[in-house]
Amino acid sequence: MPLMNWDQSLDIGVEKMNAEHRDILDAMNIVYDGANAGQSGPAMMAKIARLGDITTRHFADEEAYLARIGYPELEIHKGIHKKLLDDFAVHAQAIAAAGGVPTSAFFTFLRLWLSAHIKCIDLKYGNYAKSAQKAA
Ligand SMILES: [Fe+2]
Ligand SMILES: [Fe+2]
């Protein structure tokens with residue numbers, strides 16, 4: 001069973017960002033499936049590093065997009081991304097120190113990040129993009 005499935009509640013109305021969110025979700029599920037299959041060590045750390053890379057790239061893309069559309073809350077959003085990456089790094093370091101065995105706290109963090117960040121924080125710019133289009 002995957003950590004999370006894609007559903008309509010994750011649709012923020014911006015196609016490219018939806019696609020990148022799906023990539024993050026897939027990468028999370030790959031980590032989760034690996035952990036459930038008993039994987040640890042370097043193989044698991046590689047999956048976690050891949051999730052980190054995909055997320056870092058997404059945040060940069062998303063911030064560039066928000067700058068392009070003149071999103072007024074860009075700086076706040078950037079700060080939230082930075083905090084997520086910092087927290088991610090703390091989890092990844094703890095997991096590496098424990099021999100590459102992901103903790104349930106790590107998966108709780110990932111699940112929360114997807115649901116809270118995409119459904120609330122990202123949805124806000126999705127709605128802004130929609131109304132800005134209407135106004136144009
Ligand atoms: Fe975001
Ligand atoms: Fe996002």
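Values as computed for the structure displayed
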{"quantity": "Cβ-based exposure ranking for E20, E15, E62, in which fewest neighbours within 10 Å come first", "calculated": "E15, E20, E62"}
{"quantity": "Over the chain, equivalent-ellipsoid semi-axes from the Cα gyration tensor in Å", "calculated": "30, 15, 11"}
{"quantity": "Taking H21, H117 and counting other C-beta atoms within 10 Å, the order from fewest to most", "calculated": "H117, H21"}
{"quantity": "Chain lengthening between R68 and D7 when straightened (0.36 nm per residue, less Cα-Cα)", "calculated": "19.2 nm"}
{"quantity": "Computed [θ] at 222 nm, helices only, for the chain once each DSSP H run of length n ≥ 4 contributes -39500 (n - 2.57)", "calculated": "-24000 deg cm²/dmol"}
{"quantity": "Two-site label geometry, K130 and A43: point separation in nm, points 7 Å out along Cα→Cβ", "calculated": "4.4"}
{"quantity": "Residues M28, M4, sorted so that the one with the fewest Cβ neighbours within 10 Å comes first", "calculated": "M4, M28"}
{"quantity": "Principal-axis tilt of helix 74-97 within the chain, Cα atoms, nearest 10 degrees", "calculated": "0"}
{"quantity": "Net lengthening on full extension, A19/D33 (0.36 nm per residue, minus Cα-Cα)", "calculated": "3.0 nm"}
{"quantity": "Computed label-point distance, nm, for sites S104 and K119 using a 7 Å Cα→Cβ extension", "calculated": "2.1"}
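Throughout, read-outs are computed from the coordinates displayed, never taken from laboratory work. This structure is a prediction, so every number in the text was calculated from the model and none was measured. Glycine also receives a Cβ, built like all others from the backbone with ideal geometry; neighbour counts cover every protein chain displayed.
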